[in-house]
Amino acid sequence: MKKYKILISGGGTGGHIFPALSIANALKRRLNADILFVGADNRMEMERIPAAGYPIKGLPVVGFNRKNLLKNISVLFKLRKSLNMARKIVDEFKPDIAIGVGGYCSGPTLKAAQRRGVPTLLQEQNSYAGVTNKLLAKKAEKICVAYENMERFFPADKIILTGNPIRKDLLDHAKSPEEARHSFGLDPNRPTILVIGGSLGALTMNESLEQELRRLNEAGLQVIWQTGKSFIDRAKAAAKGMKGVVVTPFISDMASAYAAASVVASRAGAGSISELEVLGKPCVLVPSPNVAEDHQTKNARALSDRGAAILVADADARTQLVDTLLQLASDPERLEEMKKEISKMALPSADDKIADEVISILNKD
């Protein structure tokens, strides 16, 4: 049985890392394969990927600084160095295929693979394609996407609608909402709001909760509030003396957190949205303004236009987020309608669908 060599590149945020690991795990289940990851130095993939049992090599690549153009001199130097290093990795590892999931490092890695004649597959998680994937698309074999109408960015004959892979433990979860709330020390029978600002936290969302937490508490709503590391002390101070509020910098058991939630307030990263769709969770989305091409707003709009989510702009969150959560939590009919609409947008088993495409490319020879 042939042993395939598979190169996977991408990272920077959990939104890139979780799909990359899901794809790797699906390929491991189905192929005899050596899998090597390439990430960006000093980003979270350099810890998360080895923790999941895969080897990883780091590149010094960083993103372009749009505010201070002079700082891009060092960015260009690091990009050139990363291209040379990526070329060496490709030459030494000799992959049968290279997979790019987005993030700074996937550009040089996939470019080096394409120059060496290695077939490539791209996974675009957002409804608005990133610059790196648009540049790599011309020479890619297949482009796996999570939204319809991506012909605006990519050649139509290469696009496969697969959805975004989500963490397997979310799907294997068996706790009821009551059991999940109990596991957080909460009242099993009270409606619960889950607030997640991404793996690094979200300042605007955190400050919105800090100012208005008491209103949610007095309305009889429980709160699970994931703050990120930098806001935890302020959040604990805001929640002091309140029952039914769980404050934590990071949630390790996201499956239970989602199960406990009647409503979710979240950033609009592609990974989070895919999880909310597959789990059928009513949600209020607050897109991060600090992302390329404002793609989180476009992700959120793809849902809000269909009544599958409510969009609150980051600039309005301090005045509107808590009001929106209070209104939504007290409207059972709307919650049911949103559950139906967001579930319709779900594309489950994305990891296996992407693995199917990888295997079909490998079998071409």
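Note on region 170-269: enclosed strands (runs of 3 or more DSSP E) holding 3 or more residues that are in contact (Cβ under 8 Å) with a residue 24 or more places away in the chain and not β-branched (V, I, T) are 222-226. The residues in region 344-365 that are open to solvent by less than 60 Å² (accessible area, probe 1.4 Å) and not β-branched (V, I, T) can be counted, and the count is 10.
Selection within region 13-24: residues that are open to solvent by 10 Å² or more (accessible area, probe 1.4 Å) and not hydroxyl-bearing (S, T, Y). The member of this set that is modelled with the highest pLDDT is L21. Considering region 165-180, and only residues there that are at pLDDT 85 or above and among the charged types (D, E, K, R), the residue that is surrounded by the most Cβ atoms within 10 Å (Cβ to Cβ) turns out to be K175.
Of V131, V101, all but one fail to be within 21 Å of the chain's Cα centre (by Cα), among the aliphatic types (A, V, I, L, M) and open to solvent by 60 Å² or more (accessible area, probe 1.4 Å); the exception is V131.
Quick check on this structure: which one of E45, E92 is loosely packed, with under 15 Cβ neighbours inside 10 Å and charged (D, E, K, R)? Criteria check complete, one pass: E92.
Yes/no per residue for (1) in contact with a helix residue (DSSP H, G or I) (Cβ under 8 Å, 6 or more places away or on another chain); (2) assigned to a loop (DSSP other than H, G, I, E, B):
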{"site": "K111", "(1), (2)": "yes, no"}
{"site": "Q114", "(1), (2)": "yes, no"}
{"site": "G117", "(1), (2)": "no, yes"}
{"site": "N126", "(1), (2)": "yes, yes"}
{"site": "A129", "(1), (2)": "yes, yes"}
{"site": "T132", "(1), (2)": "yes, no"}
{"site": "L135", "(1), (2)": "yes, no"}
{"site": "C144", "(1), (2)": "yes, no"}
{"site": "F154", "(1), (2)": "yes, yes"}
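Set side by side, the residues Q123, Q114 differ, and just one is over 30 Å from A302 (Cα atoms) and either without any contact (Cβ under 8 Å) to a residue 40 or more places away in the chain or open to solvent by less than 10 Å² (accessible area, probe 1.4 Å) (or both), which is Q114. Among the conditions (1) over 23 Å from I143 (Cβ atoms); (2) open to solvent by less than 60 Å² (accessible area, probe 1.4 Å); (3) part of a helix (DSSP H, G or I), the only one that L27 does not satisfy is (1).
Against the list (1) more than 18 Å from A202 (Cα to Cα); (2) touching a Ser or Thr at 6+ places or on another chain (Cβ under 7 Å); (3) open to solvent by less than 10 Å² (accessible area, probe 1.4 Å); (4) of a type in the set (A, V, I, L, M), the condition L303 fails is (2). In region 48-63, the residues that are of a type in the set (G, A, S) form Cβ pairs under 6 Å with partners that are in a helix (DSSP H, G or I) and surrounded by 12 or more Cβ atoms within 10 Å (Cβ to Cβ), at six or more places apart or across chains, as follows: A52/L21; G58/M46. Does at least one position in region 341-351 carry a residue that is under 30 Å from N32 (Cα atoms) and either in contact with a Phe, Trp or Tyr (Cβ under 6 Å, 6 or more places away or on another chain) or charged (D, E, K, R) (or both)? Yes: region 341-351 contains one or more residues that are under 30 Å from N32 (Cα atoms) and either in contact with a Phe, Trp or Tyr (Cβ under 6 Å, 6 or more places away or on another chain) or charged (D, E, K, R) (or both).
The values are calculated or read from the model by the stated rules, or taken from the named source; none is laboratory data. Remember, predicted model here, so these are calculated numbers, not experimental data. Positions of Cβ are backbone-derived with ideal geometry, glycine not excepted, and every protein chain shown enters the neighbour counts. For the accessible areas, the whole protein counts, side chains as well, though only heavy atoms, and no ligand, DNA or RNA atoms are used. Shrake-Rupley method; radii C 1.70, N 1.55, O 1.52, S 1.80 Å.
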